[in-house]
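What follows is a short report on a single structure.
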Protein chains: 2
Amino acid sequence: MSVLPHHAVSPPPRDHGGGLDAAILRWGGTRADWLDLSTGINPVPYPVPDLPDWAWEALPDTGAQSALIEAARSFWNVPDKAAILAAPGASALIARIPHLVPAGIVDIPSPTYNEHAASFVAQGWTVSQDTPQARVLVHPNNPTGRFWSAADITAPFTIIDESFCDIAPDQSLIAQAAQPGCVVLKSFGKFWGLAGMRLGFAIGDPALIARLADMTGPWAVSGPALSIGAAALQDHTWAKTCRSRLSQDAERLDKLFTAKGARVSGGTSLFRLYEVDAASEWQEKLAKRHIWTRIFPYSKTFLRVGLPHPEQWAQLESAL
Amino acid sequence: MSVLPHHAVSPPPRDHGGGLDAAILRWGGTRADWLDLSTGINPVPYPVPDLPDWAWEALPDTGAQSALIEAARSFWNVPDKAAILAAPGASALIARIPHLVPAGIVDIPSPTYNEHAASFVAQGWTVSQDTPQARVLVHPNNPTGRFWSAADITAPFTIIDESFCDIAPDQSLIAQAAQPGCVVLKSFGKFWGLAGMRLGFAIGDPALIARLADMTGPWAVSGPALSIGAAALQDHTWAKTCRSRLSQDAERLDKLFTAKGARVSGGTSLFRLYEVDAASEWQEKLAKRHIWTRIFPYSKTFLRVGLPHPEQWAQLESAL
């Protein structure tokens, strides 16, 4: 006879990162008390400047859109023959990508970010490694941190999700973006730490990007995102300083966790992947101290931990 | 023998409103010099409050999303049986709606906002009044201002675009939203004057809204839009004052234009539709004074004029 929990709630449709609200409900406190290390979002975001009124009020005009696209082309060294589309977040693109070609078999090397498989399956695709028509490479992979190479672009339709690649621009596969059937995704929210702003890019085969643009509609990106995105993508100094700080903080995090018995299994400098004896016990122990980390339905030993803000290290150190 | 114009440029893919940048290129001046009356966007927007840092930095969490949805349900009296989805602008929804059911024949009474037909045609639909499977009613219609009734919901799949209906909430067809096959669209940008923020809603048949949500992906709406949208949709006082001012200003605009020989043909209190002898000449005359109005490829006599900001009436009066 099974006993239903008294406080059963509907689970979210997919196992997403975030979920801080649910953690607060269970372990108490307010959002301000919590240290959210469950994501791979840079805790020291690009500073949001004062915005001109028109950014909020007017329909985004072609001038502001072109400025963002030009900044993105330059920042990421986008090949001239590749097309580029800005969208309100990489997730909006991931949801539409399976519509670009007729449904078939897609290879999504796992474990990885689960939104790709969910989106392909919702559009009638089958996930399998057996002669796939499509392949998704998360580069570097989330959560393992594995990098792929151009030789891994083996399917006629290949998505390279570079949402976390701005920590290591020399590893980018952007030079492959103009290949027929290739689409590279870029995310603004993670490296620049402005996930709430919603900005992402699809860069690739012009025929595919044109279809994606049709599905996206005009004025997809908000005025604030156009304005802040263009400024940030021209600021190479900020990016360089940021990479260096993230790298140092990732090392500091590793020292803290390995001192408590965790083993470094992978990750990137935006999040670390630790192998522990019982990940759910680690998560719960830290949650009691109002620190929220990430575990995965497919592993009992993976614990993914994002970087704290410079002022939050003490809370983490005392909790461990 | 035809003569090509020296300054031919690629036309935009569709005849959109806006296009102020192109007008500035042709007639000079800077954006600040121009009075943009080419849209139906309220020139006195809902005031943008100071935003909490998390609105920019964190992935939009379920709490903020639920608060927006609850505010929208209450503001628009959404029937309990209708589902509701927030998206980054009504345009994002319009681009995806033709994917919801298999392509067939769609009836889109014209003239109307051209993005609906463009989107349906791009997805393989045929626009015709001959036993349509789908119907699009822009309510009130843009640019004529015509209102429809529940009796006009005659196709198995009917989209009611209420982007401009917040000027006349008693005319809303939202009570029909729970009907099978029905989807009502709401826009935040026009009535609240924050078009750059990107926020819109699809409200209707839960099965259709669920498919639309799948195509939209998680975290579709920005943190700032969640925060500002929820505040605005709870502010009935602002909405009431706004309706009254828009109505007075529309009357004032009519007086100005009819005094110069234009005839009132329709419109709403967010834009007026005038009939003039040669619309392109009126547009050009006003453009020389840095006032941008709207004409249409399907009519030589329709001139659509938005409302000026309270401080901009003098510029318009002296130009006429």
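The values are calculated or read from the model by the stated rules, or taken from the named source; none is laboratory data. Bear in mind the structure is a predicted one, so any value in this text is a computation, not a measurement. Here the Cβ is made from the backbone with ideal geometry for all residues, glycine too, and neighbour counts use every protein chain on show. These accessible areas exclude ligands, DNA and RNA; they are computed on the full protein's heavy atoms, side chains included. Shrake-Rupley method; radii C 1.70, N 1.55, O 1.52, S 1.80 Å.
Some observations on this one:
- Counting only protein heavy atoms and a 1.4 Å probe, the protein assembly as shown has 42 square angstrom of accessible area per residue.
- DSSP finds beta bridges in region B:53-236, and of those with both partners inside it, around 45 percent are antiparallel.
- Between copies, residue B:124 shows label-point distances of 0.8 nm, shortest first, with the point placed 7 angstrom from Cα along Cα to C-beta.
- Going from the chain on its own to the full set of protein chains, region A:173-217 has these residues losing 40 Å² or more of accessible surface (heavy atoms, 1.4 Å probe, no ligands, DNA or RNA): A:196, A:198, A:214, A:215.
- Legend: residues A:186, B:190, sorted from most to least accessible area (1.4 Å probe; ligands, DNA and RNA excluded), read B:190, A:186.
- Counting charges near residue A:67 (Lys, Arg +1; Asp, Glu -1) among other residues having Cβ under 15 Å from its Cβ returns a value of -2.
- Sequence-separation-based contact order of chain A, relative, with Cα cut under 8 Å and 6+ spacing, percent: 24 percent
- Candidate lysines - alpha carbon under 20 Å from residue B:81, same-chain residues fewer than 8 apart omitted: B:186
- Nearby aspartates and glutamates by direct alpha-carbon distance to residue B:288 (threshold 12 angstrom, same-chain neighbours under 8 apart not counted): B:33
- Rounded to 5, percent antiparallel among DSSP beta bridges of chain A: 60 percent
- For chain A, modelled as a GNM whose springs connect Cα atoms under 10 angstrom apart, the maximal fluctuation among A:259, A:232, A:90 occurs at A:259.
- Helix-only [θ]222 nm of chain A, DSSP H runs n ≥ 4, -39500 (n - 2.57) each, per residue, nearest 500: -9500 deg cm²/dmol
- Reach of residue B:190 by Cα under 13 Å, taken over aspartates and glutamates that are not fewer than 8 positions away in the same chain: A:57, B:161, B:162, B:166
- Compared with its chain on its own, region B:41-66 contains the following residues whose accessible area drops by 40 Å² or more in the full protein assembly (probe 1.4 Å; ligands, DNA and RNA excluded): B:56, B:57, B:59, B:61.
- Of all beta bridges that DSSP places with both ends in the protein assembly as shown, some 60 percent have antiparallel geometry.
- Distance between region A:195-266 and region B:111-142 - C-alpha centres, whole angstrom: 38 Å
- Of A:222, A:280, A:299, the one that fluctuates the most in a GNM where chain A has Cα springs shorter than 10 Å: A:299
- Summing +1 for each Lys or Arg and -1 for each Asp or Glu among the other residues whose beta-carbon sits under 11 angstrom from that of residue A:211 gives -1.
- Accessible surface of region B:53-236, 1.4 Å probe, proportion on carbon and sulfur as whole %: 52 percent
- Of the trypsin sites (Lys or Arg not before Pro) found in region A:219-272, those in coil by DSSP whose Cβ has at most 16 other Cβ atoms within 10 Å are A:260.
- Within a Gaussian network of chain A (alpha carbon springs, distance under 10 Å), most fluctuating of A:199, A:185, A:20: A:20
- In region A:53-236, taking the dipole from charged Cβ atoms about the Cα centre, the farthest positive-side position among A:126, A:171, A:85 is held by A:126.
- Restricting region B:55-103 to trypsin sites (Lys or Arg not before Pro) in coil, as DSSP defines it, with at most 16 other Cβ within 10 Å: B:81
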